[in-house]
Structures are given as structure tokens and as C-alpha cells.
Amino acid sequence: VEKKSEMSLTQPIRALLNVEDYHQQAKGKLSQMTYDFYSTGSDDQLTLIDNQLAFRRIKLRPKILIDVSSHSAINSISCQTQLLNSTMTISFPCIIAPTGLQRLANSEYGELATVRAAVACSTIMCVSTMASIGMERIAEEHREQIKTNYPQSTSQLWYQLYVFTNRQYTQRLIEHAERCGYKALVVTVDVCVIGNRECDIRNPFSLPEGIQAENLIDDKSSDFAKTYRQAPIDASLSWKDLKWIRSITSLPIILKGIIHPDDAREAVKHGVQGIVVSNHGGRQLDTCQSTIDALPDIMDAISGEHHQIDVYIDGGVRRGTDILKAMALGAKAVLIGRPVSWGLAVDGMQGVRNVLDILKKEFRVAMMLCGCQTIDDIRKNNLLVMNNNS
Ligand code: FNR
């Protein structure tokens, strides 16, 4: 045993070159309970696994002999992406997905570390209703970082909303987010009940002392904050409630958790500004279709609609080539959940920043190797071979 620990002390720290390296490093750092909370899915975790495998099943057929030297410019503009009718620009098409309770991964800073990385990398952070730092404090940090350290940053904040049975309380959350300067409302629609996450039941998952869902604690009439699992998300939420949400806010509304093409069409009809094709990272309905497999039918379903919306996708994005494939199928951008948690657990703000930089670099290389000068070329170049069973 002694020999083994001696060896591990003298071994050089392995360079963290990709998202999986961050995953493995984070695994060694987190408690079993926290690691399981982040990494696992529901039931047999088939959707969780397939989200990643489905990206791997799609093959690329690159175009060659195209001048892609524009990518060599420092801070290459070729990856910049416009969102929501060009009202927002991000440095590459990758957004930080809402994940709750980030102080579980980094107890000192949690969401504050993530927001700093989002500003440094000029991307969007979507802040969860279940954040372990108050939404006002995160917004303040966002403003402060731009002002003091990154005046050129085009980063923005979005607010992810769970609609609770207590509608007055939900309304207060929306109004508060708008007042704090959040620029879009991402309404999560795939959690009418929490998925059956057996690892969290076995461990069992519980909130460590001092960490809680900070946005929920001012509601003295309920015990939302006491345990994440008991938060009474409203199972009666339906399409008609979108009108109610619209009446409260003028922010763009993005529905997160769409898989069925009929629902995508319905979302367009209801006048939302965007959807996120998502199965909640395999944490909700198991055996749900993987997101990248769901994307083509969704794009088909809404292609003829007059009102154009942004289609985003998340679940299983771990490589720059995954981002390229999502874009080739029509997504505006991807969101990443767990990769951010791994970065946060390994090295706080710097870890999240590294994860984003790694994905950006991989994406840029993939674009160049596929002969794409601009983001628009990714769709035009007809790069994908689907379902070739290899
Ligand atoms: C999530 N996700 C999530 N989604 C949401 O709308 N609100 C939330 O509070 C959370 N919280 C959350 C916690 C943890 C630990 C995970 C792993 C995920 C889902 C998240 O936004 C996103 O859909 C998935 O994480 C995307 O899949 P990948 O990138 O993790 O594979």
C-alpha cells in the first residue's frame, strides 16, 4: 500500500486535455454522493448513455481545399455566433446549461466561479432556479467582471425557471430575474415530476450543511429550500400557461426539454423565441430518444413555419465535433451541463474556463478540417453521414 501511495505522489499530474480528462479528475475529487448526483441519470441510464453514443454514431465527411486561414486570427471571429435575432453574440456556439446547486462542486464560489468563466469566455450562462447563490448576487458578479476585467466580453445571463405550484412565488422569481438584468427566460418543461434517480435514493442524496437553493429561501410559507427533491414543481403546467408567463415578462422565452416534433411546432405557434431540444441530460424519462437523434425531425417540423425560432440542443456534448454535428443539423448552439460541473470541481473558475476553451479549440479545428470558414458554412457544406451503423 505504501509503495502505491509513494508512486502516486511522484507521478506527474496528467495534463487535462479534454472534457473526459476533467470528468475523471473531478471524480477523484468529489464525494461519492456528489459525484453520483452530477453524473448519473434515471432508471437504467440508457438515455444518459445514448446522448453521447448518438453523437458518435454520426460520421463527418469533410470538404477539402478551402481557404480556412481566417481561423488562425487570434480570437478568431469565425466561430462567433449570433442568437435571438442577432440581439446576442457569443464567442462560439456553446452555452452554459442550467445546473442547480453548483456549490456542491465548488463550495467556496459555486455559481460565482461559473459566471466569471462565462464572462471571460464571452458566452451565456443560464442560471438555474436551484442555484446555490442568489440570482441577484450572480448578476452583480457578472456586471462587475465585465466592468473590471473583461470590458470586451459579450457574455449575457439567462434565467432558467421552474414553474412552482405557488404561482405568485413563481411570478416573483420571473420579475426579479428581469429586474436583475437577465436577458432571457428559459422555462424548463420536462420536470412535471422528478425522474427516478436511483443513485440519489441509494446514497441517499442530501444537502450538506450551508448549501441550499438560495433563490427559494425567502418564501417562508414553504419548505422549498429544505430539500431539493421536495420542491413542488407544478405538474399542471400546460401550453395555456405560456400566455400567463408572457403576460409577466417581456424577456424572450425559450422552452427547455422538447423532444417531440409536434411540441416543437406547438412552441412556434405559441410565439416563443427558442427551444432547447433536451431530455435533461438523461435525468428524467429513461429510454427517451437521444437529443441529437431527435433534432432532424424537429428541424423538419418547424422548417415551414413563418415565425422562425432559435433551436438549441443539450445532452452528451463532449467534443468540438459534437458541436459541429449539432450545428450541421440546424442547431443555433449547444448547451453543456456536466462538463461545466467537472471543470468547476477540478479548478473553480479556471476549470470551467479551461473546459470552454478546450471545446472552443476542438470546435475550431473541426470547422477548419471540414472546410468551414464561417458558422453558416457548417450547414451549407453537407457534412454528415447519418445512420451508417458503424
Ligand atoms: C441539470 N439540469 C438542469 N436543468 C434545468 O433546467 N434546471 C436545473 O436546475 C438543472 N439541474 C441539473 C443538475 C445537474 C447535476 C445536471 C447534471 C443537470 C439539466 C441540464 O440543464 C442539461 O439539460 C443537461 O445537463 C445536459 O446534458 P449534459 O451536458 O450534462 O450531458
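Miscellaneous remarks
- Condition check for residue 150: aromatic (Phe, Trp, Tyr) and at pLDDT 95 or above: yes
- Summed over the range 296-310, residues that are of a type outside the set (D, E, K, R) and either at pLDDT below 95 or surrounded by 24 or more Cβ atoms within 10 Å (Cβ to Cβ) (or both) total 5.
- Scan of the range 10-33 for residues that are polar (S, T, N, Q), buried (at least 16 other Cβ atoms within 10 Å of the Cβ) and not in a helix (DSSP H, G or I), ordered by number: 18
- Selected residue (criterion: farthest from the chain's Cα centre (by Cα)) from residues of the range 235-281 that are within 11 Å of the ligand (Cβ to nearest atom) and of a type in the set (S, T, N, Q): 279
- Of the residues making up the range 63-88, those that are closer than 20 Å to residue 330 by Cα and surrounded by 14 or more Cβ atoms within 10 Å (Cβ to Cβ) are 63, 78, 79, 80, 81, 82, 83, 84, 88.
- Among the candidates 284, 308, residue that is among the polar types (S, T, N, Q), assigned to a loop (DSSP other than H, G, I, E, B), closer than 30 Å to residue 244 by Cβ and within 13 Å of the ligand (Cβ to nearest atom): 284
- The set of residues from the range 249-281 being over 18 Å from residue 93 (Cβ atoms), out of contact with any Ser or Thr (no Cβ under 9 Å at 6 or more places or on another chain) and not in a loop (DSSP other than H, G, I, E, B) comprises 253, 261, 262, 263, 264, 265, 266, 267, 268, 269.
- Some residue of the range 330-348 being in contact with a Lys or Arg (Cβ under 6 Å, 6 or more places away or on another chain), within 14 Å of the ligand (Cβ to nearest atom) and closer than 25 Å to residue 18 by Cα: yes
- Scanning the range 231-247 for residues that are surrounded by 15 or more Cβ atoms within 10 Å (Cβ to Cβ) and not in a loop (DSSP other than H, G, I, E, B) gives 233, 241, 242, 245, 246.
- Any chance residue 78 is at pLDDT below 95 and under 24 Å from the mean Cα position of the chain (by Cα): yes
- Taking the criterion of being in contact with a helix residue (DSSP H, G or I) (Cβ under 7 Å, 6 or more places away or on another chain) and either surrounded by fewer than 24 Cβ atoms within 10 Å (Cβ to Cβ) or not in a helix (DSSP H, G or I) (or both), the residues of the range 139-149 that qualify are 139, 141, 145, 146.
- Elements of the type strands (runs of 3 or more DSSP E) sitting completely within the range 34-135 and holding at least 3 residues that are more than 16 Å from the ligand (Cβ to nearest atom): these cover 81-83, 88-90.
- Search result, residues across the range 325-350 that are over 16 Å from the mean Cα position of the chain (by Cα), in a helix (DSSP H, G or I) and of a type outside the set (Asp, Glu): 325, 328, 345, 346, 348, 349, 350
- Residue within the range 174-182 that is in contact with an Asp or Glu (Cβ under 8 Å, 6 or more places away or on another chain), within 26 Å of residue 113 (Cβ to Cβ) and at pLDDT 95 or above present: yes
- Cβ separations smaller than 9 Å between residues 6+ apart or across chains give the following pairs from the range 104-125 residues that are closer than 16 Å to residue 26 by Cβ to residues that are among the basic types (Lys, Arg) and buried (at least 24 other Cβ atoms within 10 Å of the Cβ): 109/116.
The values are calculated or read from the model by the stated rules, or taken from the named source; none is laboratory data. It should be emphasised that the depicted structure is a prediction, and the values quoted were computed from it without experimental measurement. No Cβ is skipped: glycine too gets one built from the backbone with ideal geometry, and neighbour counts run over all protein chains shown.
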